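Working notes, structure below.
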Amino acid sequence: MFIYMSKKIAIPKQSNVTCLSWNHSSGYIAVGGEDGMLKVLKLESGGGGNLSMNLSLEGHTGQVCVAVWNEIFQKLTTSDEHGVIIVWMLYKGSWYEEMINNRNKSTVSGMAWGSDGQKICIAYEDGAVIVGSVDGSRVWGKDIKGPGLKCVQWSPDNSTLLFALSNGELHLYDDQGNFIMPIASNNVSSGMEIVSMDWFSGKAPISRPVLAICFKSGLMLLMKTCTEEESVMVETNMKILQCCWNHNGTVLAVAGLTQEQANVVQFFSGYGEHVRTLRVPGGSMRSLSWEQHSLRLAIAVDSFIYFANVKPDHKYAFYGSTLAFVSGTETVTFWDTITHQSWINHIPNVIDMCGVHEYCIISTIDSLIILNQQGIQCDAKTVAIPMSYVSINSKAIAVASSKDTFLIWKFSTPTRPRITEQLYHADGSLVVQGESGFHDDTICCITCSDTHLLVGRDSGTVLLFSLVNFKKITQINMNTKPYKLGLNCNSSKFFVIDQPGNLYILETEMANNISMGQAVRKDAWGHFGLLITLDYLRWQRRPDCMVCHANAKKKYHNQTDGRDLAIALRKRLGHWFRVVELLKMSVTTTESQVKQAYSNIGDYYIDRQNWAGAIEYYTMSNNTEGLKKCYLALEDSAALAKLTSPRNIKVDVTGKQITSEEKVEINQKPSITRITQLKESGKMLQGATMAYQLANLEASKNRSPWRIKKLYVLAGHMYSQASIEGSKSRDAIRSYRAAQAQQWACLAISRARAVPFRSDIALRAAARLAAVLDDLHEAQHLQAWCTIAAIALQARAFELCSKAFIKLEAIEPNTFENLAIEIFTKCKPKDAKGNKIDCPNCHFAMLDWMVSCPGCNTEFPGCVVTGRTLIALNTVWTCSKCTSQVQQHELVLRHSCPTCHSPLT
């Protein structure tokens with residue numbers, strides 16, 4: 001989590017703010033202050049920060065001390081130093097007094113609405129308690145004998161009331177005012193003043209505390225229930241002013257003053273672990289309140305309201321083309337960013353997750369789980385220690401860490417059984433069986449690459465280990481606690497982000513026990529291939545490639561219409577349903593734009609074989625070709641004939657009427673319609689020949705390889721049905737071979753366009769495309785070599801890039817000659833280092849994307865889904881029709897061959 005100041009609002013007449021309350025359901029902010037000042041503010045949606053509401057409420061004459069919202073019934077209740085209580089309601093854009101009450105005896109020390117909004121409890125300093133209903137009637141009243149009251153809170157189920165007395169005691173009453181029991185606050189000295197309480201009323205795990213009790217001295221008590229004897233005691237080392245849970249009870253914000261009288265807000269996890277500290281400028285800090293989704297925090301200081309932006313640490317992992325993320329309290333969603341398929345797994349209590357290439361590791365309270373890109377479990381391990389952080393590399397090595405120890409686990413893969421697992425102390429020493437793993441200097445973050453492991457500790461030290469022989473390489477000493485760690489793609493450099501947000505970049509080969517030096521950037525808060533700060537974006541693998549946030553922001557505001565930008569963005573992302581919604585709201589929308597969106601929605605459904613949905617949207621967009629595809633798939637010959645038949649009978653120059661059938665016989669140009677008619681009339685061989693001709697015709701025009709592949713597959717299927725040899729006939733084999741070449745072209749193009757670009761995955765597809773180039777039409781060679789060159793250039797595979805440019809120069813020398821000179825005067829034609837596999841014949845260490853072994857020239861088949869070289873043939877599935885080969889685990893959620901779409905056998 002990262003927090004930073006984003007906005008400051010000044011209160012007119014320099015009235016000091018004394019209380020804040022942010023309505024979570026409507027976004028209104030109640031601001032109370034001196035001399036009866038009471039305002040209701042609302043920020044504009046979208047995070048701009050401007051005020052969409054700024055109303056003053058007249059009614060109080062003294063300093064407003066307490067303000068609480070009834071979010072169910074949208075009422076605001078406030079009280080001032082004279083004991084005057086006012087209930088406000090909103091009517092037609094203005095706030096009106098619904099009820100006023102003045103007891104004239106004491107000041108209100110605390111107010112709390114129940115979570116159902118039906119009752120309010122008002123506690124006075126002299127010990128008086130009044131409980132009223134939402135309609136304004138008095139339910140019951142009581143005088144609690146003793147030193148007086150400081151705070152009050154309803155239990156989450158509204159069945160009990162917890163009162164904090166002025167002498168530090170806690171008393172529990174039922175909802176009718178009957179005393180139940182005193183609450184024992186373990187390890188807390190008697191007489192300590194309680195300044196704030198907050199009882200989280202939402203859903204939370206049974207093991208997580210939900211009741212926070214803060215003492216002025218700096219102690220904080222966290223309890224699961226107010227009746228339990230055991231509780232978590234936290235020393236905040238500051239004078240506490242107020243505490244407040246966020247919207248889901250995972251983070252507690254505690255405002256206070258340090259010994260140096262500096263304003264700070266400390267953030268703790270639900271279990272009392274310190275997460276972050278935010279320094280707040282100004283003089284006297286008095287109140288704070290969370291926004292609805294806890295992405296902003298309002299803080300009252302002097303006569304100002306400061307707003308802090310909060311960037312939470314989401315639990316997610318991006319690996320291969322899959323994004324895995326925690327989508328619920330007990331569910332994890334796996335989303336394929338290319339096919340847009342998603343799968344949901346039931347995995348409760350996720351602690352941390354990390355992914356690389358084709359595997360993801362998820363840590364729960366008592367287990368480690370390895371999953372593939374479809375969310376299918378590949379391996380798992382039960383752990384006896386509470387894991388906090390996990391990391392994984394492409395060598396099938398997982399590192400899991402608790403606060404005191406870390407585990408290095410070589411998990412099992414289809415080509416390798418589980419080998420070893422070893423437990424280490426936080427300092428890197430081996431854990432002997434039966435030995436305690438507790439250390440004062442605990443682990444706070446970890447990360448690993450294929451060759452190195454980084455371990456950050458609370459004392460401010462970062463340990464660097466080698467994963468090859470597991471030796472400690474160096475120890476870096478910091479002044480502050482590390483927050484996040486990361487290694488670049490070849491493990492030559494690593495970065496450290498500390499708790500205040502300072503970014504350091506260091507070399508992995510360095511002397512031992514050195515200091516961090518100067519920070520490269522400040523206000524850094526996260527990384528994922530990108531190092532993200534508040535003012536710039538930097539790509540780790542290409543440090544020369546920078547995008548200035550300020551320039552991007554200026555360009556955005558220069559656009560005339562924000563909605564047009566949103567439409568363009570949604571089109572680029574392929575969110576066509578949202579495009580339709582935005583187009584309907586725009587006054588400049590044309591009919592052609594709506595039809596285009598409908599047509600793309602039809603494509604969305606047809607990709608998922610939802611023919612009925614595709615027909616609906618193709619009909620609205622008048623997309624005849626799309627409808628033909630649907631009717632062909634459904635084998636609805638009547639609808640197809642009706643679609644292709646002319647509305648009126650045509651008349652030739654002699655005056656003779658020509659029917660649709662005669663017209664088709666006259667026009668022998670290859671078309672889907674003619675192929676369908678030949679198939680229905682039993683002329684399967686003629687139809688297959690025409691399908692093959694049509695595929696060649698489309699290829700000669702360099703049309704979409706996705707469409708060309710389908711035509712070759714159609715020809716192959718029809719040749720198989722027309723011949724007694726079936727798919728083994730010469731013509732069928734020729735058609736399927738051409739379809740496979742188009743499949744590799746499709747895969748390479750999609751990998752080249754993928755965001756983010758994955759060099760290892762893209763290189764596999766590029767190498768496969770280069771190997772089957774002779775099976776492509778000559779008109780496609782230029783586009784194919786351009787795709788290969790683009791992939792190789794981004795992946796720094798300059799030897800493959802050089803071969804591609806040699807071919808391109810032969811095709812169009814004037815276009816590519818100067819570009820080739822510019823590239824290869826700077827870069828040698830040598831491929832960058834990457835993952836390697838051993839050739840099973842000669843044991844040569846070849847790059848894992850190569851099609852053939854450079855040592856023995858043995859050519860290996862490739863998986864048509866991923867492009868991965870297939871070494872272990874016992875784990876390979878081969879299509880009985882087109883002979884395409886796929887790794888078996890890639891077919892778990894498929895029902896047909898990825899190339900020819902024949903049912904799996």
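What the table shows:
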| read-out | value |
| --- | --- |
| Inter-residue pairs, beta-carbon under 6 Å, first under 25 Å from ALA204 (Cα atoms) and in the stretch 157-185, second polar (S, T, N, Q) and outside any loop (DSSP other than H, G, I, E, B), 6+ apart | LEU162/GLN153; LEU172/THR160; ASP174/THR160 |
| Residue match in the stretch 2-23 (condition: open to solvent by less than 50 Å² (accessible area, probe 1.4 Å), in contact with a Cys (Cβ under 9 Å, 6 or more places away or on another chain) and not assigned by the TED database to the domain that holds ASP498) | yes |
| Members of the stretch 463-485 found to be surrounded by 13 or more Cβ atoms within 10 Å (Cβ to Cβ), over 15 Å from ALA519 (Cβ atoms) and not hydrophobic (A, V, I, L, M, F, W, C), listed by number | SER466, LYS472, THR474, GLN475 |
| LEU463 over 24 Å from HIS357 (Cα atoms), of a type in the set (A, V, I, L, M) and assigned to a strand (DSSP E or B) | yes |
| Candidates CYS801, CYS786, filtered to the one that is without any contact (Cβ under 8 Å) to a residue 60 or more places away in the chain and either touching a Lys or Arg at 6+ places or on another chain (Cβ under 7 Å) or within 27 Å of ASP336 (Cα to Cα) (or both) | CYS786 |
| Per-region count, the stretch 850-871, residues within 37 Å of the chain's Cα centre (by Cα) and open to solvent by 30 Å² or more (accessible area, probe 1.4 Å) | 4 |
| Residue match in the stretch 830-844 (condition: in a strand (DSSP E or B), loosely packed, with under 15 Cβ neighbours inside 10 Å, at pLDDT below 85 and on the phi < 0 side of the Ramachandran plot) | yes |
| Residues that are of a type in the set (D, E, K, R), over 11 Å from the mean Cα position of the chain (by Cα) and open to solvent by 60 Å² or more (accessible area, probe 1.4 Å), drawn from the stretch 309-356 | LYS311, GLU330 |
| Residue in the stretch 692-701 that is polar (S, T, N, Q) and either open to solvent by less than 40 Å² (accessible area, probe 1.4 Å) or within 17 Å of LEU769 (Cα to Cα) (or both) present | no |
| Test: PRO348 is under 30 Å from VAL195 (Cα atoms) and at pLDDT below 90 | no |
| Residue list for the stretch 364-404, restricted to those being under 27 Å from GLU273 (Cβ atoms), among the polar types (S, T, N, Q), in contact with a strand residue (DSSP E or B) (Cβ under 9 Å, 6 or more places away or on another chain) and surrounded by fewer than 20 Cβ atoms within 10 Å (Cβ to Cβ) | SER367, THR382 |
| Lone qualifier among TRP611, TRP576 - being under 26 Å from the mean Cα position of the chain (by Cα) and open to solvent by 30 Å² or more (accessible area, probe 1.4 Å) | TRP576 |
| Test result for SER449, open to solvent by less than 20 Å² (accessible area, probe 1.4 Å) and at pLDDT 90 or above | yes |
| Exclusive hit being closer than 30 Å to CYS827 by Cα and surrounded by 24 or more Cβ atoms within 10 Å (Cβ to Cβ), set ILE791, ILE749 | ILE791 |
| Strands (runs of 3 or more DSSP E) completely within the stretch 130-217 that count 3 or more residues being buried (at least 20 other Cβ atoms within 10 Å of the Cβ) | 149-154, 160-165, 194-199, 211-215 |
| Hits in the stretch 719-741 - residues which are without any contact (Cβ under 8 Å) to a residue 40 or more places away in the chain, buried (at least 24 other Cβ atoms within 10 Å of the Cβ) and not small (Gly, Ala, Ser) | TYR719 |
| Inter-residue pairs, beta-carbon under 8 Å, first at pLDDT 90 or above and in the stretch 200-220, second open to solvent by less than 60 Å² (accessible area, probe 1.4 Å) and among the acidic types (Asp, Glu), 6+ apart | LEU211/ASP198; ALA212/ASP198 |
| Those strands (runs of 3 or more DSSP E) lying entirely in the stretch 235-322 with at least 1 residues free of Cβ contacts under 8 Å to residues at least 60 places away in the same chain and of a type in the set (S, T, N, Q) | 239-245, 263-269 |
| Residues of the stretch 657-705 classified as part of a helix (DSSP H, G or I) and either at pLDDT 85 or above or not charged (D, E, K, R) (or both), total | 28 |
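The values are calculated or read from the model by the stated rules, or taken from the named source; none is laboratory data. Only a predicted model underlies this, so the values are computations on that prediction, with no experimental measurement involved. Reconstructed Cβ throughout: ideal geometry from the backbone, glycine too, with neighbour counts over all protein chains shown. Ligands, DNA and RNA are excluded from the accessible area calculation, which covers all protein heavy atoms including side chains. Shrake-Rupley method; radii C 1.70, N 1.55, O 1.52, S 1.80 Å.
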